[in-house]
């Protein structure tokens, strides 16, 4: 059973220490981070094949301990229901056999991806005769703070390990039993596959002060990745003394251009909103071109599917069931069966609306006009821009990355779904033949 699995040496000490000594959260984080950094140096020496073998072992362990993981998840779901978690939050939290199998398969997929570590980015020779090489290396020690989704425990562990990084994971209290069971199974499988025991650690306390200690652990933790609601990400971005890779909101737009195919537009709009409303790639605002002839059909389909629509005056004129939108609606990530709708006069007005209200996550245009599509793809400044596709595809797995550690909307280091390559940096290697600088 998963609860009988052994923790890593540093975690065992941390568990017992948290009960028997007076260490501060900062001291606990220091202990775990130092153990992780030591493990990362060993991990960096492992070959691609060695890391892949450890991950396949971890995937097998998830399957072996599926019953225990699902039982622990049921405890979290029951507690969440009792505590009044929203339907969207419960959907993120809940595991079933199919989702657990998808989790294990995602770990295996990561094992099969090309390892970016050691990859030569570019090579050149300068006038002095020195040969300069830029080569990818792991970032080092990564802290991941997340809410609700227990699959992040497995995804983050797999991506960090395959890219040669150690990880310190801190999941939300609503998924504490699930995370512990998943981590225990992963840790057993990784160790059996030859990975260092402390490469992937789970913070053994839900004390919020320990999160603060992680955010202040400059020099011990090299990067923080928050995954969760706006409150969590805002706190991390405000308090961190460690570089942060994150997105704040997923206010995703779909613009139906006047030249859109009506059936395609209807299908994509329904999928973008209603497939899973609680994910960050779900459409939150629908922009309908005033010259598009079939707006009523799209509106009717969404309403009939059970979606509440909040619209401007022109949108309300399309269907009396649309309620008025407030000024705040255009800047709200609902993560629910609620959608903002506006009618716009052409592509310039659509892009102006997106520039004012998009969170820079994912925005899409539906059109048969290639020139309009090219303008949208070039001019909309979001991490992901799409043509004739549902925003629900904003996902590392769908991008062929195996899994993702998160989606970044900033402009530094990595942008969009962050997977193996996004978890690397680079160093310069300078190859000389005796040069001394004059």
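Each value in this text was obtained by applying a stated rule to the coordinates, not by laboratory testing. In this text, all values refer to a predicted model and were calculated from it rather than measured experimentally. Cβ sites come from the backbone with ideal geometry, for glycine too, and all protein chains shown count toward neighbours.
May I ask for the Kirkwood hydrodynamic radius of segment 2-246, worked out over all distinct Cα pairs and given in angstroms to one decimal?
Details: mean 1/r = 0.0541 Å⁻¹.
Final number for the Kirkwood radius of segment 2-246 is 18.5 Å.
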Got a sec? Which residues in segment 135-170 would a label at residue 34 touch, if it sits 7 Å along Cα→Cβ and we count backbone N under 20 Å? 140-143, 166-169
Between segment 311-362 and segment 28-52, the alpha-carbon center distance in angstrom: 46 Å
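Multiplying the sequence separation of residue 377 and residue 303 by 0.36 nm and subtracting their Cα-Cα distance, what value in nm do you get? Could you put the intermediate results ahead of the total?
Working: separation 74, 0.36 × 74 = 26.64 nm, distance 2.90 nm.
This chain segment gains 23.7 nm when fully extended.
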Cα centroid separation, segment 385-428 to segment 74-97 (Å): 27 Å
Below 8 Å between Cα atoms, with a sequence gap of 6+, how large is the relative contact order for the chain in percent? 19 percent
Taking Cα centroids, how far is segment 125-155 from segment 197-273 in Å? 18 Å
How many nm is it between the label spots at residue 121 and residue 370, if each spot is 7 Å from the Cα in line with the beta carbon? 3.4 nm
Out of all Cα-Cα pairs in segment 285-376, roughly what percent, to the nearest whole number, are more than 19 Å apart? 39 percent
If you take every DSSP beta bridge fully contained in the chain, what fraction is antiparallel? Give it as a percent rounded to 5. 30 percent
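What FRET efficiency would be calculated for the residue pair residue 26, residue 412, taking the C-beta separation as r and a Förster radius of 25 Å, to the nearest 0.05? Could you put the intermediate results ahead of the total?
On the way: r = 27 Å, r/R0 = 1.09.
Plugging the Cβ-Cβ distance into 1/(1 + (r/R0)^6) gives 0.35.
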With both partners inside segment 2-246, how many of the DSSP beta bridges are antiparallel, as a percent to the nearest 5? 25 percent
For segment 307-438, what size does the Cα cloud have along each of its three principal axes, sorted from largest down, in whole Å? 79, 30, 28
Estimated FRET transfer efficiency when R0 is 41 angstrom, pair residue 393-residue 436 (beta carbons, to 0.05): 0.15
Global geometry of segment 158-217, whether rounded, prolate or oblate, following the gyration tensor of its Cα atoms and the 1.5 cut on a/c: oblate
Potential extension, residue 63-residue 81 segment - 0.36 nm per residue separation minus Cα distance: 3.8 nm
Gain in span if fully extended, residue 130 to residue 205, counting 0.36 nm per residue against the direct Cα distance: 21.9 nm
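Run the helix sum for the chain: -39,500 (n - 2.57) per DSSP H stretch of 4+ residues, divided by residue count, reported at 222 nm to the nearest 500 deg cm²/dmol. Let's see the in-between values first.
On the way: 15 runs with 182 residues, N = 438.
-13000 deg cm²/dmol, from helical runs alone.
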Cβ density ranking, 10 Å radius, fewest first, applied to 304, 115, 369 yields 304, 369, 115
For segment 57-157, what does the relative contact order come out to in percent, with C-alpha contacts under 8 Å and a separation of six or more? 27 percent
Enumerate the residues in segment 318-342 having an amide nitrogen under 19 Å from the point lying 7 Å beyond the Cα of residue 290 toward its Cβ. 318-319, 325, 341-342
Quick note on 253, 387, 361, ordering by fewest other C-beta atoms within 10 Å, gives 387, 361, 253
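Under the √(5λ) rule applied to the eigenvalues of the Cα gyration tensor, what semi-axes describe the equivalent ellipsoid of segment 102-228? Give them in Å, descending. Could the numbers behind the result be given before it?
On the way: eigenvalues 197, 70, 27 Å².
Its equivalent ellipsoid spans semi-axes of 31, 19, 12 Å.
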Order these by the 10 Å Cβ neighbour count, fewest first: 399, 376. 399, 376
Quick one: among 364, 54, 192, which has the greatest mean-square fluctuation in a GNM of the chain with alpha-carbon springs under 10 angstrom? 192
